[in-house]
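The structure appears right after this line, and notes come after that.
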Amino acid sequence: MGSRRNFIRKSLFGALAAGFASRYGYASGLIEKSVIQNQEFIKPTVISTWFHGLEANEAAWKIMQDGGSALDAVEKGVNVSEANPSVNSVGYGGLPDASGNVTLDACIMGSDGNAGSVACLQHILHPVSVARLVMEKTPHLMLSGDGALKFALDNGFRKTNLLTPEAKAAWKEWKKSGSSYAPMANWENHDTIGLVAIDHNGSIAGACTTSGMAFKHQGRVGDSPIIGAGLYVDNKVGAATATGEGEAVMKTLGSFLIVELMRNGMSPQEACEMAITRLLETIYVHKNMQVGYVAVNKAGETGAFSLKPGFQYALFQDNENKLFDAPYLMD
Ligand code: SD4
């Protein structure tokens, strides 16, 4: 049964990949080459986006090693990036919007299918923890702006100045340069943390948190707080999370798509590749666009893929926490 399923999966994927490859003219075989096969599956597993995912993985792993849940692990993991001022794309130290305000998007989803999120939240160091409270204490999924701030303050969070002198200086510099409106994600050093994990019990959870695109329009919300776009978890199947240009991720509902593709038999690697390929097929991909995905399935098998080179992901498995360059679709 397993090999038949594998055969169907491979044939389907091979046919689709070949079709896309001839249509877009990129190297045929690229997609097939990076597919992870015959790997030994290991739990627990933590996979997250970018270099700063390493320290987030560390915190998440420790919680699971001590018997904690995947849900606690993903929250506490990304809390590390939120508090690190040198990560200029998440929480404290995040680059502000065009008006000079640091506005944060975050979400969390657990193995029970429950989820919470906050959008355009200001002054709170740990937006993902507010998202968790939205999930646990309200009948809602998302709170935004002043309402999210009020909810956070009512629940014991304190106001913090998130704009570091470095981020303020970068914003002032951007203003000097004519304030041309060209927000970019994932370019240079701007990068959301998305982290998904599977614990000893096989429970899966995920979290995603960001200050969004640097110098974005006031009020702009990206994919990171949108369940199905920036993050999706289905405990029977797996989880996926996104980084990069949120508009592209939202238009293609990338994380949900990846989980659905895994449900239909693809490995996490195949599913990440197909989601990026689908993006290329369905929306306009401009020159500077970058999108990256990471995913894990119920067996602890992982995948990562991006549209362009440069995306890195951190994988903690079998007591080793390592950074990898993700394979990508086009130069
Ligand atoms: C957003 N996806 O707000 C985020 C930004 C990001 O790497 O991931 N940057 O669109």
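The values are calculated or read from the model by the stated rules, or taken from the named source; none is laboratory data. Values in this document were obtained by computation on a predicted structure and should not be read as measured data. So basically every Cβ, Gly included, is an ideal-geometry build from the backbone, and we count neighbours across all protein chains shown.
Where strands (runs of 3 or more DSSP E) fall wholly inside segment 201-303, the ranges with 2 or more residues that are at pLDDT 95 or above and within 12 Å of the ligand (Cβ to nearest atom) are 204-210, 238-244, 291-297.
Of Y284, Y293, all but one fail to be without any contact (Cβ under 8 Å) to a residue 40 or more places away in the chain and hydroxyl-bearing (S, T, Y); the exception is Y284. Going through segment 70-110 one residue at a time, which ones are surrounded by fewer than 24 Cβ atoms within 10 Å (Cβ to Cβ), assigned to a helix (DSSP H, G or I) and either among the small types (G, A, S) or in contact (Cβ under 8 Å) with a residue 24 or more places away in the chain (or both)? The answer is N79, V80, A83. Among the residues of segment 228-258, those identified as surrounded by fewer than 24 Cβ atoms within 10 Å (Cβ to Cβ) and hydrophobic (A, V, I, L, M, F, W, C) are V237, M250, L253, F256, L257.
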